[in-house]
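**Q** Below you'll find the structure I mean.
Bear in mind that the values in this text are calculations on the coordinates, not laboratory data. Being a predicted model, the structure only gives us computed values, none of them experimental. Heads up, the Cβs are rebuilt from the backbone with ideal geometry, glycines too, and the neighbour counts pull from every protein chain shown.
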Amino acid sequence: MVVEAHLRSDAARNLARIVDAARDVFAERGYDASVSEVAERAGVGTATIFRRFPTKDDLCAAVLQREIETTLATLEEAPDLRTFVTTVVGRFVANRCLCELTGSELFERPELAALVVEMSDAMERLLRREQKAGTVRRDVVPADVGFLLGALGQQGLRLERTAPGAWQRYVDIVLDGLRPEGATKLKHKPPTPQQLHDAKTG
């Protein structure tokens with residue numbers, strides 16, 4: 001039993017090392033990075049990775065699951081919307097693959113789809129708290145925040161190469177625009193979940 005426990009412990013450490021390496025490699029190089037690069041960073045053979053993750057998408061899904069879990073924890077602990085948005089856009093800017101894969105078909109996998117639902121529920125709770133306090137306009141919905149996070153993250157990543165940190169300026173502008181002071185009535189309803197899905201995958 002001691003030997004089996006030791007083997008399970010080694011396997012768990014190898015798995016964590018592979019996912020850590022994949023996160024770092026894909027963050028730096030994007031989705032186009034190869035599994036062999038991940039294997040080299042993790043100090044294992046590619047066969048070891050493919051035994052656990054049959055395809056590169058399976059490996060990316062594991063990385064995304066960890067990232068979403070981290071983001072969900074940030075959302076649940078955030079004292080306000082400004083803190084959450086600033087933190088998450090900063091992660092987007094530091095993680096090229098996260099930007100590239102957000103909204104992709106990988107999010108249709110059950111484990112990721114369930115986390116997205118949890119994120120939406122947690123975002124709704126945060127928005128209600130802020131709207132009740134009068135710090136966020138009442139017509140903002142969770143899907144609006146998700147859209148803005150994606151836009152800020154993707155453009156912030158592009159800008160980071162030539163103007164490091166400038167993305168924070170646009171986070172401030174957007175967040176100020178979510179405040180109720182001076183708000184005008186929105187001309188369009190928020191898109192439905194299906195419309196958002198079709199826009200990302202079409």
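**Q** Could you identify which residue out of 124, 67, 181 has the top mean-square fluctuation in a GNM of the chain using Cα springs shorter than 10 Å?
**A** Its mean-square fluctuation being the largest, the pick is 181.
**Q** Rounded to the nearest Å, what's the spacing between the alpha carbon centres of the range 28-90 and the range 123-202? Just the number, please.
**A** With the range 28-90 and the range 123-202 each reduced to a Cα centre, they are spaced 23 Å.
**Q** With +1 assigned to the C-beta of every Lys and Arg and -1 to the C-beta of every Asp and Glu, and no other charges, what is the dipole magnitude of the range 60-201 about the Cα centre in debye, to the nearest 20?
**A** Values: 19 positive and 20 negative charges, 107 e Å.
Dipole of the range 60-201, to the nearest 20 debye: 520 debye.
**Q** Going by C-beta contacts inside 10 Å, put 162, 71, 83 in order with the fewest on the left. Let's see the in-between values first.
**A** Working: 162 7, 71 20, 83 13.
Fewest-to-most Cβ neighbours within 10 Å comes out as 162, 83, 71.
**Q** A further question on this structure: For Cα extents along the principal axes in Å, which listed value, (1) 67, 25, 24; (2) 93, 38, 25; (3) 65, 42, 32, comes from the coordinates shown?
**A** This structure yields the entry labelled (3).
**Q** Work out the charge dipole of the range 66-195 with +1 on the Cβ of Lys and Arg and -1 on the Cβ of Asp and Glu about the Cα centre, then indicate which of 163, 98, 85 is farthest towards its positive end.
**A** Sorting the options by dipole projection puts first 163.
**Q** Give the aspartates and glutamates whose C-alpha is closer than 20 Å to that of residue 187, dropping any in the same chain fewer than 8 places away, or say none.
**A** Straight-distance partners of residue 187: 139, 144, 176.
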